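Notes to accompany the following structure.
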Ligand code: PAZ
């Protein structure tokens with residue numbers, strides 16, 4: 001591609017991004033979200049006492065929905081459970097990072113993964129004198145969830161923001177990135193959310209529930225503009241950026257991850273296959289492909305522990321280089 005073609009396609013992408021945000025339904029409580037972000041980042045940049053500024057990572061988690069009607073009855077969704085994002089958040093906090101956890105409502109939450117599916121009903125019981133007690137098999141899991149979660153929130157190291165639709169997700173991600181801009185190289189983006197590739201623009205979306213009496217549904221989905229470019233170029237250019245690539249066909253996975261690394265100028269792309277994503281991932285950088293596996297000799301091990309360890313090491317080197 002010559003440089004003229006390059007700048008034409010960049011201009012096109014900028015226009016698509018602008019049009020996406022201009023036509024998106026207004027984000028509920030945008031001012032409140034921006035205030036929370038500002039306070040969280042300020043607090044972690046100048047922690048009480050003589051502590052040095054904390055590194056801040058934005059972890060995205062779970063899948064975005066694509067509404068088909070403005071008064072939404074139906075939507076397109078994806079498989080993501082939010083397990084990767086929630087588990088990674090715990091390891092980042094353990095490594096001393098402050099985490100902005102941008103998650104899909106109803107998906108896995110940090111510190112809650114050893115709890116049963118319906119924790120409120122399964123973990124608690126009401127005794128004769130009406131006191132609520134934790135049921136024996138769940139005591140340790142509840143204690144851990146409550147104390148670790150409360151410690152992270154009370155310590156000012158975890159800020160949770162939720163989304164459902166692709167519109168909410170990208171609007172909040174933009175606000176987070178812009179709020180993190182001044183952190184320079186101390187900012188990290190760990191983009192594990194499964195983000196829709198196609199959407200129905202708000203203005204061309206039916207207002208009311210689509211009627212089946214009109215026969216087969218013929219609907220045009222538009223490509224979601226690639227926001228990674230804007231994140232790297234404008235929103236937070238100095239941040240250390242890790243994106244994820246998921247495929248079901250192992251033959252194309254690494255090639256696609258390498259393409260994403262180059263195209264969006266990511267520092268790392270974590271490549272994973274749908275069926276083995278909890279066992280192993282391959283981290284693609286400018287000159288390496290690093291296989292990261294769960295320790296299969298330990299029943300409760302996960303792939304996120306070695307993955308976050310690797311990322312923290314690479315981010316430290318990046319911060320050091322940026323200081324020179
Ligand atoms: O959320 P989860 O733990 O079920 O799955 C994690 C994942 C596969 C969504 C994540 O590792 C990932 O690859 N996210 C990016 C997906 C994509 O290519 O859009």
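Values quoted throughout were computed directly from the atomic coordinates according to the rules given, and no laboratory measurement underlies them. It should be emphasised that the depicted structure is a prediction, and the values quoted were computed from it without experimental measurement. Because the Cβ atoms are built from the backbone with ideal geometry, glycine has one as well, and the counts that use them run over all protein chains shown.
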Computed from the beta carbon distance with a Förster radius of 45 Å, FRET efficiency for residue 185 and residue 136 to the nearest 0.05 stands at 0.40
Once normalised by the length of region 103-170, the mean sequence separation of its alpha carbon contacts under 8 Å that are 6 or more apart gives a contact order in percent of 39 percent
When the chain is treated as a Gaussian network with springs between alpha carbons less than 10 Å apart, the largest mean-square fluctuation among 13, 217, 161 is found at 217
Check: C-alpha center region 46-114 vs C-alpha center region 153-175, spacing in Å is 7 Å
Descending packing, highest mean Cβ count within 10 Å first, for 296-305, 172-181, 129-138 is 172-181, 296-305, 129-138
FRET efficiency for residue 10 and residue 297 from the Cβ-Cβ distance with R0 = 51 Å, rounded to 0.05, comes out at 0.55
Ranked output for segments 61-69, 146-154 by mean other Cβ atoms within 10 Å, highest leading, reads 61-69, 146-154
Protection proxy (average C-beta count within 10 Å per residue), highest first, orders 87-99, 274-286 as 87-99, 274-286
Subtracting the Cα-Cα distance of residue 113 and residue 143 from 0.36 nm times their residue separation yields 9.5 nm
Most fluctuating of 207, 258, 234 in the GNM of the chain (C-alpha, under 10 Å) is 207
Length-normalised contact order of region 132-271, Cα under 8 Å, at least 6 apart, in percent, tallies to 23 percent
Largest fluctuation, 287, 44, 78 only, Gaussian network model of the chain with Cα springs under 10 angstrom, belongs to 287
Expressed as a whole-number percentage, the relative contact order of the chain with C-alpha contacts under 8 angstrom and at least six residues apart is 18 percent
Taking alpha-carbon centroids only, region 270-324 lies from region 181-249 a number of Å equal to 24 Å
For the pair residue 321 and residue 278, the simple spin-label estimate (label points 7 Å beyond Cα toward Cβ) gives in nm 3.5 nm
Expressed in nanometres to one decimal, the distance between label points 7 Å along Cα→Cβ at residue 285 and residue 252 is 2.8 nm
Summing -39500 (n - 2.57) over every DSSP H run of at least 4 residues in the chain and dividing by its residue count gives a helix-only mean residue ellipticity at 222 nm, to the nearest 500 deg cm²/dmol, of -12000 deg cm²/dmol
